[in-house]
Structure formats: C-alpha cells, structure tokens
2 protein chains.
Amino acid sequence: MYETCNVDFEKLFNPENIAFIGASNNPWKWGFIILANIIRGDFQGKIYPINPNYKELHGLECYPSLSAINDNVDLAVITVPAKKVSAVIDECIEKGVNNTIVITSDFSETGEEGARLEREISVKARSAGMGLVGPNTMGILNSYGNLNILMSPVYSMKGHVSIVSQSGNVGTQIMSECINNGVGVSKFISSGNEANIKCEDYIRYLGSDEQTEVIVLYIESLKDGKKFLDICREINMSKPIIFFKSGKTRGGMAAAASHTGAMAGSIDVYRSVFKQYGIIEAETTDEIIDLVCGFVSFPVPEGNRVGIVTLGGGWGVITADECEIQGLKLPELSREVYGKFDAILPGYWSKQNPVDMVAVASIDIHLKCLEAMVAWDEVDAVIGLAGGAVSNFLKIFLDDGLDRKIGLRQEEVAGFIDILNKEAVSYKKSLGELMRKYNKPILHVEIGNSVSISRNMKDFNYTFYRSPERAVRVLKKMYLFKKMKDRIRNK
Amino acid sequence: MYETCNVDFEKLFNPENIAFIGASNNPWKWGFIILANIIRGDFQGKIYPINPNYKELHGLECYPSLSAINDNVDLAVITVPAKKVSAVIDECIEKGVNNTIVITSDFSETGEEGARLEREISVKARSAGMGLVGPNTMGILNSYGNLNILMSPVYSMKGHVSIVSQSGNVGTQIMSECINNGVGVSKFISSGNEANIKCEDYIRYLGSDEQTEVIVLYIESLKDGKKFLDICREINMSKPIIFFKSGKTRGGMAAAASHTGAMAGSIDVYRSVFKQYGIIEAETTDEIIDLVCGFVSFPVPEGNRVGIVTLGGGWGVITADECEIQGLKLPELSREVYGKFDAILPGYWSKQNPVDMVAVASIDIHLKCLEAMVAWDEVDAVIGLAGGAVSNFLKIFLDDGLDRKIGLRQEEVAGFIDILNKEAVSYKKSLGELMRKYNKPILHVEIGNSVSISRNMKDFNYTFYRSPERAVRVLKKMYLFKKMKDRIRNK
C-alpha cells in the first residue's frame, strides 16, 4: 500500500517554482486559462511554461521541454491530452520533480482504457516517490502562498477554511460562495480521481496546517473508509469538519460512477458513523456555506438555549417555530431580564422571548436589547433579526434629491445622514464586540437587502444569514458538535 | 356578520387622493416616513397632509383637519397614537371618506384596553360602511397606481405577483426579495390585526384583479377558516396560491399571540386541507421566493420526468440525488437522444442522464445540449447547471490589464470580449426562447456568482436558482400543483 506520508505537502502548497506542461496561447484552452490564473494570482516564484512551439507565452520565456529548464522543479502542472500524460510523467521523474498536478481528464472516469492509463501513471509516480494530484483535477489553491493553480478564476483572500472536494466544480463554487460571504480560504484541493493522493491524505495534512481552522469536504465515494474515518475523527476534535456526501440515492450513485469512476457508499452508513464522531453533515449545498460561516464567525454555543430579539413580530414567530422544530429551547424571560426589556422598550413590547422590539426605529435600542439578551445567563446563543436596519431604511429617502422634493433643508439632510452612517457602523462593530465580551454566538439575520448588507459585513469580519431558518439550523448543528465533542472527551 | 363586499377595493388601491392624518416633519416618525414613501412612489393624485401645527409639510400644503379639505377624500391614512384613532375615525365618517388605513399599533395585539379600542373603531367603520385596513398594518402597495403607502422604502416595478401578509415586516421583505429577483409585485397588503377586512377578503379581490397571476400568503391565524378555504380553493384553480404558515409549534404560536393577538391554528390541519385543494405550502421563507419565481417565470410541467444538463459532474450528482429524494424521475436516455448528445459532446461525456458536458467551454454546445434535452418527448422539465458560465469565466482574466501582463494584443482582447458578450446575451435569450418553443420549464442553476447573474437575469425576464436542491424542490411543487388541479377538474 502506497504511503502518502512520502508526499511533501509543504512543497506542494508552497513551491518555489512551477513548470507548466501544455501551456498555450489559445484563450479557449486550459493551458491558457490555468496559466493566466497562476499569473493573475500573483505567484511569487518562477513560472516555466513548456511548449516547443513558442519562445514566449503570457510574457514569460517558454521552454521546449522540462529538461531544457536549468533549475530544480518543485511542481509540474500537466494539461496535455490523456494519451501523452504517461510520457510527461517519465520526463518529470527524470527531472526529479517533487510534485505533479494532472489536470487532464479522460482517465478512469471514462472507461477501461482511461483506467489503464491512470494505473500506469499512478504506479510510475508512486515508484519514483513523486506526488501526483488527480488526474481529472481542477487544481489547488493556497492563499498564503499566492498559489492559484485553478481552472476557475477564483482568488481568495487569506482565511481559515480549507476545502477538499471530489468535484472540482462543486469545490470551486463552494469556495466562491465563501469569498462572497467574506470568508477567506486557506487551502483548496480538487482531489480528482485520487489515483495516488486520497482525500484523507489531504485532510491529514490540513490537520497540521496552522492556517486551517475549519475543513469542508465534498465526497462522492471513499476507497479506504476506515482510514478516512480514523483521520477525520482525530482532526474533528480540534478542527470542525463539515461534510457533504453526494451520491445519496440510486440515481445519484449512478451519476457519480460516471463522474469520478468510483462506486458511492450508502449515505446511511456515512451518516451513522459521522454522527457518532461529531462530524457535521451539511444536508444541502446552501447549508455547506451556512455552516462554514457559522464555525468561522461565531464561538460554539455551550448549550441549546436561545434568546431571540427581533424588529418585527412575524420574523420572531418564524424563528421560534424553527427553534422548536430543531430542538432548541427558548427560555422564559426571568423577572430580572423582563425588567430590563421593559425599561428599554415601549409598553407594547412582546413581554416574552422572542423579544419583539415592535419596530422601534433606534439602533441604540436594538443594541441595548441585544446586550440585555446576550448578558442573560439563561441563554447560550442569541438570534437577532433585522436589527440595525434603520439606517438602510431612512437613508433611501435621501437619495436622488428627495430632500428637495419633501422640503428638507440641505444641512438637516447632511446631519441626518451623518447620524445614520455612524449608527450603522457602530451597530455592526457592536455585534462582534458583544459576541467577544460574552463569548456567545450572536447570529444576525437579514432578508430583502442581502446584497448591500453582505458587503458591509465583510468589513466587520462577521456573517449574516439570509433567513431565520438557516440561522437556527446552523446553531443547532454547532450545538450538536459541541455536545458530541464533550461526550467523546468524557468517555 | 360584516359583509366585506361593501368595501370598494378598486378605490382602495386606486384612490384619486389621500389624506394623511398624523403627518410629521420629524424624520424618525412614521408620519414622516410613510408620507415620504407616498411622495417618492410618485403618486399621481392629490395628497393632503393633516397636522394643525404646520402650514406646509414635505413641500405640500398642510391642513389643520380633515374638514378643512375642500374635496371628497377617497383614502385616509392614519398614524396618530392609538387613543386618538377613534376620534379620527369619527371625522373620517363625517367627511364621507371611502377607505381608511390605520397604521397605528397598540390595539388588540397588546391587551384588553387595545382590544376595546379596536372593537370601537371596527364597529364605527363597519356601521358607516367605510373600509378599514388594519389596525397595526404596515400599509399597502399598488405598483399599477404608483401607490406606496408603506413603512418600508420598497418600490416595486410592475409585475404579476400579489402578496397578502399578516406580518408587515415579513410581507415587505418577501416583496423586497421578489424585486431583487426581478419579479414585480402588483398588489401588496399588510393586513394587520384584520379588525374588519380579513385576509380572505383581500384574496377574493386579488382573484378578480387582472394584474395578479400568483398570490402569496403569510398567515399566522385565521378567524373564519371555512370562508378562507372556500375562497382559496376557488381562486387557486386559476391563480396559484403559495402559503407560508407560521405559528407551527407551541413556541411559535405563543409568539404569534403577542404579535397579531390571535390564536394560531394547528399546522397539521392547514397542511392536510391545503394539500387536498392543491394549494402550495412554502416550507421555509427561502422557499416562498423560490416558488414565486418558479410560478412567475416557468410554465407548469406536465409530469415529473426531468432531464439534467450540467457543466460539472458533481452538480449533476447532487441534482440527481435531490430529484430522487423529491420523487421526480430521471428517464434513461433513448437511443435517439443518446445519439444527439454523442454527436455534440466529446467522447468522454457521461453517456447518461444527467448529461455531464464535461466542462466544455462553449456556450454554443451548452445550448445544443439544452435543446436536445428539452426537445426530447420523454422529459417534462429540464434543469440546467452552470451552462452559459463560460463568459463570466474568461472575461475575468481580461480585467485590470491582465491582457498586458500575459502579452495579449489589444485587438485580440477586444475581439475576445466581443465574442463573450454576444454569447452571454445569446445564452440568456435562448433559455427563454427554448422554454417558449417547447412549452416546458427550463430551470437554470448558478452558484458562486449569484449577484452578477441575478442582475443580468432581470433583463431577460427569467429566474435563476442558487442551488440545485432549491430548483428541484420548486419543480416538485409545480408538478404537485398541476397534478392536484387535474385531479380536482376530473372529479
């Protein structure tokens, strides 16, 4: 059995140079696109495009072959057609290349001839002790090394989520959504057909990677389930692992077979084992992102008692429903905390948890309510709905000269906007501050204006949710993670 | 029993003038905000602000009282405190006002004194035959009449969805999401405490409104369930009704009681009756928008057979899984349609449904595959994943001078961008054209770049979905709607 500990993962993610075999000047070819992505990603080491037909490519000196490079090569990226890959692997071995990434597809996923070619390159690389990512991979990324060897034009800011995906498309699109939500990705790996390096090998490496705090897995099938589980179980104790299993049904498994060429395992087996180990299942692709944002942005709750603070009653009702459905508790307000809300809010407030702030248009009051709730020692987490939205609300009236239309004076308008801007900034800052002060998660839900809010949130290293149901489900899974970890620790 | 047929809904949604009792020049008050919204919404009739303290407000002549207006008044909007509302209702009756909207809260939702005040105004308005919306309403909208009597700054383009909501916040935020997704709202009603006009009365009106094709309901509780159901059952046969019930659990019901002051009914009762009538339940708030977009954008499928066309294999697997989970069928490719795909795609395509286009970067090929699938008479609906994404894909390289960095010539870049722009436009146009040609729904799923795509889609009167699971669930519910309607018709 191949021992993947031979692979030098540090050098894979932090190469000093990259040779690119199959480089092209045709913008419709991967040999163009991936090379452009490496350049645009601002890789700081040397790049050696290899193609005997050109002297220069993408503004770089182009080499006729690997052997023509007068340097040791750390990493070779390969995009030539499948039938030519085996010969290129020979050249890489001869050159003493440390690691290769075989982007090329048409291997085991397409039939017996492809499988034969895959075995051939697998054995060659293994015997030579050379790392081989893929084949049929969409590439890797390391935001800490300005390394973007990807088919998709995705460039992540630095961050602490790492992604291992058996589908390159699904993986890069999960990564894009992380970035859209202000969450930076540390390492990304499209593991492809996993001829040599399996997803569990990447996970083991990520377990030791200082820049990785949360791990996301997209899995279609496993070749060595026991090893995979042993690794995940250990790493999950310090770094939450979020997995999404596809090929859950007969139809899905059949589709997966033609996709990565392996049979998918039963979802029930995965679920029962993963649950036992506290490894978190994302049940939908939306939930993958929701959970990543949750684990990156919020402390894990100590228990399942939730306080709800809402600007509108309806959202409070929806959130209370979902908490009950998901097994979270809404404690009744204690006399003391009731008194606090009664002092802050108008007489017609809801008098119970969820606390309905009855549309009071004051961010200052929203913050006071939020703090009264999070400070209360009978709640483990707080969900805030639509608070802080007043700024968006009133500012819109002042667009496009409504000030003149409704006869407000210019100085009044300017003063008003100033107050609103300051309040909006202070609200967002305060969410994070309150969370750190009380070390409890505060999940903030917005809806209807998601785009502008999401952009603002990026500046505050915070996550908002698009619906209360999604926030509640994240909280529930974070709570289950905590409970399972405690149970395993106390065994 | 009050007969709501006395209410002149046409005049409510298309008043010739509006009196505003409680108008204010303080931007923190609803008397300012709602009045500003009416003005910003570009209402074409006369507006009469009423407040004895001002001669002018928002650039309009201000009146000391209703009686000072030398005109018949169609609609009076009331924002004065609860204790003063009853006297204002007297004035409205004396003036012969047709309809009133009581924005003011602190009525039956807050206790016995509020309930007494509510009964008082209810009886007065009813006896006088004057329509009364609310109290505790966030207002109404009619995009066809430039009528925006709302607490929130939401201005919809014209469209064919109408919304009746027992929560003003939830309702306006559903409306915002419709607008964000390019779907215009015809009528919006925040029904408030429903002292006189009940949600079923609005629904009956919407049934006869020519500009309404799809109806959305947010319900916490019903006072006359039988009447409500009779009306919904009839209207649902010609206009799909999407309902979201909140107060599903004990905790949710308790929250609802303090919100609209009524007891919520059991969700099981609602579900079983609605299902029997083919009325569609949105199970989450996200699903409300998904369903609205589906019913507005796509023809209802004739059956449950789905063809999947995907640019990346992983998304195909996820979609196949969800179809099976939701009871939709993926027919096996017939020999004829197999041959079509085999002629279009490279040899290593998936050879089955889902059709994996194996990352071929050609929009022309994506469209050919889509048409081969939708034209096939063994599918009732098509789900397309990530097709047409090539343009986004390659264009990004050409941002910010990458052309110079990678040594492309300017004229090459310009030609390239031109091709991509044309292809992107043609792809989006073609989605709608194929749908109309074959009269089958084609649901398009994007992920990772939702914002830019959503904006583009608005120009093409089309909806995209953010995840395959959400697209599949919409398709399933559209199919169930069709099945139930057929069953009822054939009885």
ask   = surrounded by 22 or more Cβ atoms within 10 Å (Cβ to Cβ), out of contact with any Asp or Glu (no Cβ under 6 Å at 6 or more places or on another chain), assigned by TED's automatic domain parsing to the domain that holds residue B:210 and modelled with pLDDT under 95, is that true of residue B:99?
value = no
ask   = From the residues in segment A:294-326 that are under 21 Å from residue A:481 (Cβ atoms) and among the acidic types (Asp, Glu), which one is farthest from the other protein chains (Cβ to nearest Cβ)?
value = A:302
message = It is to be established whether one or more residues within segment B:192-200 are within 14 Å of another protein chain (Cβ to nearest Cβ), part of a loop (DSSP other than H, G, I, E, B) and within 18 Å of the chain's Cα centre (by Cα).
response = no
ask   = residue B:206 fails exactly one of the following numbered conditions: (1) within 14 Å of chain A (Cβ to nearest Cβ); (2) without any contact (Cβ under 8 Å) to a residue 60 or more places away in the chain. What is the number of that condition?
value = (1)
request  = Among the residues of segment A:327-357, write down those that are out of contact with any strand residue (DSSP E or B) (no Cβ under 8 Å at 6 or more places or on another chain), closer than 21 Å to residue A:471 by Cβ and either within 8 Å of chain B (Cβ to nearest Cβ) or among the charged types (D, E, K, R) (or both).
outcome  = A:352
task = Among the residues of segment B:37-64, count how many are touching a Pro at 6+ places or on another chain (Cβ under 7 Å) and surrounded by fewer than 18 Cβ atoms within 10 Å (Cβ to Cβ).
result = 3
task = Filter segment A:89-128 down to the residues that are of a type in the set (Gly, Ala, Ser) and under 25 Å from residue A:13 (Cα atoms), then identify the one that is nearest to the other protein chains (Cβ to nearest Cβ).
result = A:105
note = So the helices (runs of 4 or more DSSP H) completely within segment A:207-320 holding 1 or more residues that are hydroxyl-bearing (Ser, Thr, Tyr) are A:250-260, A:267-276, A:285-297
inquiry  = Going through A:197, A:149, A:189 one at a time, which residue ends up being in contact with a Phe, Trp or Tyr (Cβ under 6 Å, 6 or more places away or on another chain), at pLDDT 95 or above and of a type in the set (A, V, I, L, M)?
reply    = A:189
ask   = Which numbered condition trips up residue A:254, out of (1) aliphatic (A, V, I, L, M); (2) within 30 Å of residue B:282 (Cα to Cα); (3) within 14 Å of chain B (Cβ to nearest Cβ)?
value = (2)
query = Taking residue B:278 and the conditions (1) more than 28 Å from residue A:470 (Cα to Cα); (2) under 21 Å from the mean Cα position of the chain (by Cα), which numbered condition does it fall short on, given that it satisfies the others?
reply = (1)
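Each row is one residue, and each column tells you yes or no for (1) over 30 Å from the mean Cα position of the chain (by Cα); (2) among the β-branched types (Val, Ile, Thr).
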residue	(1), (2)
A:360	yes, yes
A:368	yes, no
A:371	no, no
A:385	no, no
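Residue by residue through segment B:319-350, note down the ones that are basic (Lys, Arg) and either closer than 30 Å to residue A:286 by Cβ or within 32 Å of the chain's Cα centre (by Cα) (or both).
B:329
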query = Looking at segment A:358-381, which of the residues that are among the acidic types (Asp, Glu) and surrounded by fewer than 20 Cβ atoms within 10 Å (Cβ to Cβ) is nearest to the other protein chains (Cβ to nearest Cβ)?
reply = A:364
inquiry  = Any residue that is at positive phi and surrounded by 24 or more Cβ atoms within 10 Å (Cβ to Cβ) - is there at least one of those in segment B:181-200?
reply    = yes
key: Residue selected from segment B:209-223 under the condition within 18 Å of the chain's Cα centre (by Cα) and not acidic (Asp, Glu), by the criterion surrounded by the most Cβ atoms within 10 Å (Cβ to Cβ)   = B:218
request  = Find all pairs meeting these conditions: Cβ atoms under 7 angstrom apart; at least six residues apart or on different chains; first residue within segment B:271-287 and not assigned by TED's automatic domain parsing to the domain that holds residue B:239; second residue modelled with pLDDT of 85 or more and surrounded by fewer than 18 Cβ atoms within 10 Å (Cβ to Cβ).
outcome  = none
request  = Could you tell me whether residue B:20 is within 30 Å of residue B:231 (Cβ to Cβ) and either within 14 Å of chain A (Cβ to nearest Cβ) or of a type in the set (Phe, Trp, Tyr) (or both)?
outcome  = no
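The values are calculated or read from the model by the stated rules, or taken from the named source; none is laboratory data. Predicted model, so just to flag it, every value in this text is computed and none were measured. Here Cβ is always computed from backbone atoms with ideal geometry, including for glycine, and neighbour counts include all displayed protein chains.
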